[in-house]
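Heads up, the thing below is written out as structure tokens.
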Amino acid sequence: MTIGTALALLGAALATFLAGGGSAKGVGMATEAGMGVLSEDPSKFGKMLVLELLPGTQGLYGFIVSFMIMLKIGILGGDMKLSTAAGALYLAAALPIAVGGLLSGIAQGKAAVAGIALVAKRDQEFSKAMVSTTLVEIYALLAFLVSLLSVVNINI
């Protein structure tokens, strides 16, 4: 394995672990709050589930970028002899979703907790809670797109 391949794999790992860690933290916070609401009113399960799931998308985005890197570098059945420069490019391409996914997953979890608190008191305000929680998703999507487009366009 070359240094370039190791750098590319580091990028793939960071995309998965950091974005996944942000999602795990965000979903965990939202689920804790949702379970508190459900202990009082089990009929709100569907609404709580949607709000709890929203912070989980960052982990999915990180996984997709990681998978694309592994496909492009040939780890899934090809030639893995990457130059150091190419490996550094893949590492750099993974950083937007790695860091953006970590931060937005946690932020979206906090927004989801606030939305859950709103729905707990005012069930009819679910759509406002959804829209507010989804606003954070825009930044996760931007980070995902930058990483994905970068990975797809590396041709070394």
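The values are calculated or read from the model by the stated rules, or taken from the named source; none is laboratory data. The structure presented is a predicted model; accordingly, all values stated were derived computationally and were not measured. Here the Cβ positions follow ideal geometry from the backbone for every residue, glycine too, while neighbour counts run over all protein chains shown.
Put simply, of GLY109, GLY78, GLY105, GLY100 the only residue that is at pLDDT below 95 and among the small types (Gly, Ala, Ser) is GLY78.
Restricted to region 1-25, and to residues there that are of a type in the set (Ser, Thr, Tyr) and over 17 Å from the mean Cα position of the chain (by Cα), the residue that is surrounded by the fewest Cβ atoms within 10 Å (Cβ to Cβ) is THR2. TYR61 meets each of the listed conditions (1) closer than 22 Å to ILE138 by Cα; (2) surrounded by fewer than 22 Cβ atoms within 10 Å (Cβ to Cβ); (3) not basic (Lys, Arg) apart from (2). Here region 45-58 is the region considered, the condition is being crowded, with 18+ Cβ neighbours inside 10 Å, more than 10 Å from ILE116 (Cα to Cα) and of a type outside the set (A, V, I, L, M), and the residue that is nearest to the chain's Cα centre (by Cα) is GLN58.
Filtering LEU89, LEU38 for residues that are in contact (Cβ under 8 Å) with a residue 12 or more places away in the chain, hydrophobic (A, V, I, L, M, F, W, C) and either touching a Phe, Trp or Tyr at 6+ places or on another chain (Cβ under 7 Å) or buried (at least 22 other Cβ atoms within 10 Å of the Cβ) (or both) leaves a single hit, LEU89.
Selection of helices (runs of 4 or more DSSP H) fully inside region 38-151 by the criterion of at least 1 residues being polar (S, T, N, Q) returns 57-73, 84-121, 126-135.
Please name all residue pairs, on different chains or six or more residues apart, with Cβ atoms under 6 Å, provided the first residue is in region 102-124 and is surrounded by fewer than 19 Cβ atoms within 10 Å (Cβ to Cβ) and the second residue is assigned to a helix (DSSP H, G or I). Matching pairs, first to second residue: LEU118/GLU125; LEU118/ALA129.
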